[in-house]
Amino acid sequence: QVQLVESGGGLVQPGGSLRLSCVASGNIFRFNTMAWYRHAPVKERELVADITSGGITNLADSVKGRFTISRDNAKNTVYLQMNSLKPEETAVYYCNLRQFAQTYWGQGTQVSVSS
């Protein structure tokens, strides 16, 4: 089993920045992909960014140039640096880990972008 714990959410003004962290623990294999998703009210959950254990990243077009995903394999931690945040990016942000045929989710952290 794998546990994911997110942190770093909160309230920020438009144009501001936040850094999310997600620590994974449990039965983690060397090769996996970690990701951030977000789910806003009345919208479908969407992939924000993901990163393989080898460091290959993928970002949604809407966040390219503003968000950065990174990871520390030694700490089993993935980060999401979010800059120039927009009000429409208010959502619950979820950490996700995929290894072999298994997918795991964190509880989510709320990000609110408002003046």
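Figures for the structure shown
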{"item": "Odd one out for Leu11 among (1) in a strand (DSSP E or B); (2) open to solvent by 30 Å² or more (accessible area, probe 1.4 Å); (3) more than 20 Å from Ser114 (Cβ to Cβ); (4) not β-branched (Val, Ile, Thr)", "result": "(3)"}
{"item": "Meets criteria (outside any loop (DSSP other than H, G, I, E, B) and β-branched (Val, Ile, Thr)) for Ile69", "result": "yes"}
{"item": "Residues of the stretch 3-27 that turn out to be over 15 Å from the mean Cα position of the chain (by Cα), on the phi < 0 side of the Ramachandran plot and at pLDDT 95 or above, as a count", "result": "6"}
{"item": "The stretch 72-93, residues that are surrounded by fewer than 21 Cβ atoms within 10 Å (Cβ to Cβ) and in a strand (DSSP E or B)", "result": "Asp72, Thr77, Tyr79, Gln81, Val92"}
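The values are calculated or read from the model by the stated rules, or taken from the named source; none is laboratory data. All of these numbers come straight from a predicted model, not from anything done at the bench. Glycine gets a Cβ as well: all are built from the backbone with ideal geometry, and neighbour counts include every protein chain shown. Ligands, DNA and RNA are excluded from the accessible area calculation, which covers all protein heavy atoms including side chains. Shrake-Rupley method; radii C 1.70, N 1.55, O 1.52, S 1.80 Å.
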